């Protein structure tokens with residue numbers, strides 16, 4: 001299928017490149033439409049990005065689908081830049097970057113039109129809650145937002161708001177990266193003391209993957225147990241499977257239909273890249289992810305109130321769903337949900353890609369033993385260290401691309417210790433083996449504790465979280 | 001907007017005609033996408049059909065969208081026929097014909113690939129049930145079917161089947177034409193003694209019309225009362241609003257998602273003519289009309305059985321939904337629903353169009369008084385009579401285009417009397433005024449009796465029919 005070559009496109013003419021991009025783009029769409037294996041899609045996307053870079057280098061301007069390079073337009077200031085970076089690709093199904101540092105998030109903020117979470121906003125959260133900001137805020141892991149100031153306005157004026165996040169349960173296996181939004185959401189629930197709804201999109205996974213309905217629902221319940229093990233308060237938290245909740249809440253379906261009436265195929269085509277070969281289930285699904293953004297989707301919690309502000313913590317790849325939601329909201333008389341966006345959790349092999357739940361060596365799984373954790377970190381965590389100890393001592397390691405260091409920024413709570421490690425590793429005082437040991441020492445107890453809490457979450461506990469009911473924190 | 005001219009396209013060149021057809025087709029799609037008033041759409045469709053006829057006359061072949069008339073292809077046998085008829089247009093939203101006799105149903109059977117209900121099939125129904133076939137069967141009003149022999153096989157082998165029909169509740173006003181499928185379905189329920197589910201597509205009407213969700217649901221309940229007044233047995237009948245049932249039956253939603261996974265936008269585009277400007281609600285709706293064709297959408301009636309054969313009596317314009325359903329069924333492991341198709345009930349003004357609930361003079365409404373019925377028939381029923389009494393006596397009237405006579409074929413039970421009227425009117429022995437009086441004498445008591453039964457149907461009765469529950473006729 002799509003082979004990934006590394007830049008031998010320089011021998012093509014601009015027109016040949018233009019045509020190859022068009023065909024490669026079609027290939028990517030076809031692969032996505034046919035739910036091809038993730039790695040095939042990623043290869044094809046990588047090739048597409050590479051072709052576009054070659055095109056930009058050759059032409060001095062971006063590839064435009066409806067503008068073949070026939071006429072030699074004035075190049076002027078936009079002369080070819082050989083060293084120009086490839087553009088990152090981010091949508092809910094594919095995250096691709098060519099940089100070992102990972103996606104360029106500042107560029108993403110500009111491209112998506114969101115706002116940076118700056119020092120001022122973090123200080124305001126601290127003032128409003130009286131709590132030290134979570135390390136994910138302090139370290140820019142939640143880095144972007146939409147309308148967070150509006151949520152804080154509401155909070156300061158004693159107006160209610162609620163949290164909404166979710167997970168697509170594509171398998172039983174969850175890795176530490178999957179916990180990022182939930183760890184942060186639990187903190188938000190604790191410091192603001194607000195209701196939380198968690199959507200398990202088992203219908204989405206049924207539509208996109210080769211799963212039965214029963215499998216998808218089963219994964220939803222199993223994943224819910226791992227989510228519950230993050231410590232959510234049952235009195236403030238409602239977890240729901242779409243397959244179960246849609247059939248037990250006329251209010252939810254009514255909002256889904258309302259949204260579906262106000263979004264055209266043209267719009268979802270533009271936002272999600274759907275094609276005419278996609279199933280009508282995929283095409284209409286975005287409305288189902290949008291509906292929990294509106295409080296009257298949960299009358300058991302909010303009564304008939306449709307004006308309770310929603311705040312959605314999620315990874316930035318989910319933003320397209322909520323750009324659509326925010327576009328629809330005023331047209332159906334509802335407030336726009338606010339958002340807090342996180343960066344992606346890097347794969348052990350490096351920050352170029354998101355992790356894959358289907359590759360056991362690409363991350364630390366929530367079921368890994370202490371020994372597996374140690375082996376995986378030592379064997380697979382991409383190192384920013386030098387080739388030899390002598391060189392490392394002399395030149396120091398590179399924390400910007402070192403995955404063990406990146407993982408520590410996610411999980412090591414102590415800011416001073418993290419800064420010390422950064423200094424020591426960068427200077428060469430700390431060796432790669434020592435850095436990896438620091439990470440193993442953090443991850444082993446973290447995973448062991450999670451496993452202990454997970455064991456307490458029986459089917460019965462999960463189903464109590466998943467029962468539609470009032471939440472005591474909203475009156 | 002779209003003006004309907006009557007055949008002055010003869011002065012155009014084939015290429016001009018080709019281009020005008022393309023533009024007019026786009027206009028029809030745009031009008032439909034923007035939910036333009038019905039009469040505007042109908043005018044535009046009429047114009048489109050007229051242009052296509054001119055094209056066929058000029059070119060000796062059908063208009064093909066991707067084949068402009070540039071190259072003078074061999075015309076051969078398909079020489080222009082000046083007298084060729086315009087083609088009828090039938091889809092769930094538009095029925096258009098240029099013939100006062102109405103749509104050519106034999107052609108429709110060929111085009112849709114269904115089977116004619118012939119004498120042999122009618123005899124088989126009579127043998128199987130031991131009942132005289134309903135007048136709608138005897139007179140070809142239900143004229144087409146899919147797999148009815150399979151239903152009879154099942155029935156004769158004591159295997160269960162069930163009936164499914166429905167209505168789109170676009171307003172409170174229902175006319176006698178709306179009752180045709182229900183009158184026939186009640187007869188089927190009586191003679192076969194089987195469960196019946198009736199879908200009120202209030203979500204569809206919300207998606208297509210300028211209605212609120214509450215209005216659409218309100219119409220669903222009001223229309224259900226008129227349907228109940230047809231005499232359905234509460235022990236064998238479940239009536240449901242999509243807006244209410246979707247949110248109270250996980251089994252129903254699961255089937256909707258299953259169907260949505262197995263139908264692409266390309267398919268619904270081909271079947272229903274959707275465009276990229278249509279809402280994702282419209283695009284995914286066909287799965288919701290398909291789902292009741294599968295018995296496990298109703299676990300309260302059929303338990304977990306997914307193999308109970310479904311038989312759908314409906315007007316032929318609904319067939320596209322069930323062609324799609326029959327295409328999907330084997331791919332998701334369910335039996336294909338069987339179908340019985342009816343002709344359209346003609347408007348008082350003539351059989352060229354379906355009636356419009358928004359034009360009070362286009363039909364007899366279920367709320368009309370005896371006086372209104374008399375006035376409407378006398379004033380508006382299109383007559384096949386001659387201009388003067390003398391001419392009529394001499395040449396006789398034309399029953400094929402006379403709407404009063406057509407209505408009698410729907411509602412006058414006595415075959416001999418109907419045949420006598422046909423003879424007398426055709427010979428000129430019966431005058432138009434006398435024919436109209438025959439119809440008024442049939443309609444007045446029919447509507448009065450309906451109104452009396454309708455009065456008995458309280459909100460409480462309607463909600464009992466609409467409560468998900470077991471039906472005693474299935475075990």
Could you list, in sequence order, all residues of the range A:125-141 that are farther than 29 Å from residue A:404 by Cα and touching a helix residue (DSSP H, G or I) at 6+ places or on another chain (Cβ under 6 Å)?
A:128, A:129
Flag for residue B:159 being within 14 Å of chain A (Cβ to nearest Cβ), touching a residue at least 40 places away in the same chain (Cβ under 8 Å) and surrounded by fewer than 21 Cβ atoms within 10 Å (Cβ to Cβ):
no
Could you please let me know if residue B:467 is modelled with pLDDT of 95 or more, assigned to a loop (DSSP other than H, G, I, E, B) and either closer than 30 Å to residue B:242 by Cβ or touching a strand residue (DSSP E or B) at 6+ places or on another chain (Cβ under 9 Å) (or both)?
yes
Output the residues belonging to the range A:203-232 that are without any contact (Cβ under 8 Å) to a residue 60 or more places away in the chain and under 18 Å from residue A:298 (Cβ atoms).
A:220
Which condition does residue B:317 not pass, out of (1) within 14 Å of another protein chain (Cβ to nearest Cβ); (2) within 24 Å of the chain's Cα centre (by Cα); (3) modelled with pLDDT under 95, if it passes all the others?
(1)
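Which of the residues spanning the range B:188-199 are in a helix (DSSP H, G or I) and under 18 Å from the mean Cα position of the chain (by Cα)?
Across the range B:188-199, the qualifying residue is only B:188.
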So which residues in the range A:53-64 are touching a helix residue (DSSP H, G or I) at 6+ places or on another chain (Cβ under 6 Å) and either in a helix (DSSP H, G or I) or modelled with pLDDT of 80 or more (or both)?
A:54, A:55, A:58, A:59
Per the filter on the range A:288-308, residues within 11 Å of chain B (Cβ to nearest Cβ) and either surrounded by fewer than 24 Cβ atoms within 10 Å (Cβ to Cβ) or not in a helix (DSSP H, G or I) (or both) are A:299
All but one of (1) surrounded by 14 or more Cβ atoms within 10 Å (Cβ to Cβ); (2) part of a helix (DSSP H, G or I) hold for residue A:455; state the number of the condition that does not hold.
(1)
Quick one: which residue in B:462, B:429 is surrounded by fewer than 18 Cβ atoms within 10 Å (Cβ to Cβ) and at pLDDT 95 or above?
B:429
Which of (1) in a loop (DSSP other than H, G, I, E, B); (2) modelled with pLDDT under 80 does residue A:50 not meet, given it meets every other one?
(1)
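So that you can scan it fast, the table gives a plain yes or no per residue for (1) modelled with pLDDT under 95; (2) surrounded by 15 or more Cβ atoms within 10 Å (Cβ to Cβ):
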position: A:352; (1), (2): yes, yes
position: A:371; (1), (2): no, no
position: A:376; (1), (2): no, yes
position: A:386; (1), (2): yes, yes
position: A:408; (1), (2): no, yes
position: A:413; (1), (2): no, no
position: A:417; (1), (2): no, no
position: A:436; (1), (2): no, yes
position: A:441; (1), (2): no, no
Of everything in the range B:222-261, what is part of a helix (DSSP H, G or I) and away from chain A (no Cβ under 14 Å)? Give them in sequence order.
B:222, B:223, B:224, B:225, B:226, B:227, B:228
Quick check: is even one residue across the range A:357-365 surrounded by 24 or more Cβ atoms within 10 Å (Cβ to Cβ), within 21 Å of the chain's Cα centre (by Cα) and assigned to a loop (DSSP other than H, G, I, E, B)?
yes
Across the range B:94-104, what is the total count of residues that are over 20 Å from residue B:62 (Cα atoms) and at pLDDT 80 or above?
3
Scanning the range A:272-314 residue by residue, those over 21 Å from the mean Cα position of the chain (by Cα) and on the phi > 0 side of the Ramachandran plot turn out to be A:303
Given the range A:77-177, what helices (runs of 4 or more DSSP H) lie entirely inside it while holding 1 or more residues that are within 16 Å of the chain's Cα centre (by Cα)?
A:105-112, A:135-138
Is it true that some residue in the range A:315-331 is more than 15 Å from residue A:146 (Cβ to Cβ) and touching a helix residue (DSSP H, G or I) at 6+ places or on another chain (Cβ under 7 Å)?
no
Suppose we filter the range A:262-287 for residues that are at the interface with another protein chain (Cβ under 7 Å from one of its Cβ atoms), surrounded by fewer than 21 Cβ atoms within 10 Å (Cβ to Cβ) and in a helix (DSSP H, G or I); how many remain?
2
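The values are calculated or read from the model by the stated rules, or taken from the named source; none is laboratory data. Please read these numbers as outputs of a predicted model, since none were measured by experiment. Note: ideal-geometry Cβ built from the backbone for every residue, glycine included; neighbour counts use all protein chains shown.
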